[in-house]
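For reference, the structure discussed in these notes is given below.
The values are calculated or read from the model by the stated rules, or taken from the named source; none is laboratory data. In this text, all values refer to a predicted model and were calculated from it rather than measured experimentally. FYI the Cβ positions are ideal-geometry reconstructions off the backbone, even for glycines, and counts take in every protein chain you see. Only protein heavy atoms, including side chains, enter the accessible area calculation; ligands, DNA and RNA are left aside. Shrake-Rupley method; radii C 1.70, N 1.55, O 1.52, S 1.80 Å.
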Amino acid sequence: MLFLGDFDGEFAQLMADLTKFAGPVFDAIFQHVDQASPTPVATNRDAFVKWTSAHLVNAVNLYTAYPSVTAKEIKALASAADVSGGGELHPFLVILPIKSKLAFIEVKMILRIRGHGTTKDLDKVGTPHFAQFVPLENNQIGFFTIYDGSFDKYIADFTKNIGQVFDLIFKFTKDPPPSPCRKYLQEFIDFAAGASRAPIGFYQNYPGLSVQDIHALIADSKSPSAAAG
């Protein structure tokens, strides 16, 4: 089981805050976890921070559409502008099985080399809030993203702007869809829909606000009129 999160600040502080505000949730989960952290986590904060640090999985690539602002700042900007947003955010969570250990190493190298290029490509899509490629156990690569709008449009835009990355990865993936993705768009959409995993829970700090809403709020806050106000 994976607990996925995009957050501001220090990891240890986030984990400490979780023991305070979400302790009972982890207490319930840890009843079924092998070699779990001591419970209740609220009274074993340091042990929980140490345990989660030891089990932290680092992404090969990490993307955010608005790296210059925090979640609190976004909520404050939206509140000041009286903007609630009318969109919907959706998770797209895919785990790709890689053919072999050697292929797994090659995929990680490809993703690291393309790091900055992948960021630029995702910026062009315009709807992903966060995205990350994560190496997992048993030679698997996870691609986890939060996006705006409909699934089919997201995958179509995604294919147009970043499909070449998946074309490379699919060379090392077990039972991949046909490639290049651009040529076989419907097949890629069908593959993505079938491979996507539904989360047990999905938390949003600023529901309804799209990437473009947030970019507009940031731009307005930096305008001369906003500075004068």
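List of remarks:
- Annotation: amide H of residue 61 within the under-5 Å range of 133, sequence separation 5 or more or interchain, hydrogens built in the peptide plane.
- Debye-sum result for region 61-122 in log10 I(q)/I(0), which assumes one identical scatterer on each alpha carbon, at q = 0.26 Å⁻¹: -1.18
- For semi-axes √(5λ) of the Cα gyration tensor in Å, computed directly from the structure shown, the correct entry in (i) 29, 20, 16; (ii) 32, 22, 15; (iii) 29, 28, 15 is (iii).
- Spin-label model distance (nm) - residue 21 vs residue 66, 7 Å beyond Cα toward Cβ: 1.8 nm
- Counting lysine pairs in region 99-229 that sit 8 or more residues apart in sequence, or on different chains, and whose Cα atoms lie under 12 Å apart gives 4.
- Full extension of the chain between residue 197 and residue 81 gives 38.2 nm of extra length, using 0.36 nm per residue less the Cα-Cα distance.
- Between residue 136 and residue 108, the modelled labels are 1.6 nm apart [label points 7 Å from Cα along Cα→Cβ].
- Contour minus Cα-Cα distance for residue 116 and residue 187 (0.36 nm per residue): 22.8 nm
- Helix-derived mean residue ellipticity, 222 nm - over the chain, DSSP H n ≥ 4, -39500 (n - 2.57), to 500: -14500 deg cm²/dmol
- Candidates 52, 173, 145, ranked by Gaussian network fluctuation over the chain, Cα under 10 Å, top entry: 52
- Gain on full stretching of the segment that runs from residue 58 to residue 216 - 0.36 nm per residue minus C-alpha separation: 53.8 nm
- Label-to-label distance, residue 42 versus residue 8, with points set 7 angstrom from Cα along the beta-carbon direction: 2.6 nm.
- At a probe radius of 1.4 angstrom, the accessible area of the chain per residue rounds to 58 square angstrom.
- Quarter the surface of the alpha carbon convex hull of region 104-209 and you get the mean projected area, 7.2 square nanometres.
- By the combined test of axial Cα extent (at least 20 Å) and Kyte-Doolittle hydropathy (mean at least -1.0), the qualifying DSSP H helices of the chain come to 151-170.
- Restricting the GluC sites (Glu not before Pro) of region 101-188 to loop positions (DSSP other than H, G, I, E, B) with no more than 13 neighbouring Cβ atoms within 10 Å leaves 137.
- Apportionment of accessible area to carbon and sulfur, region 1-146, percent (1.4 Å): 56 percent
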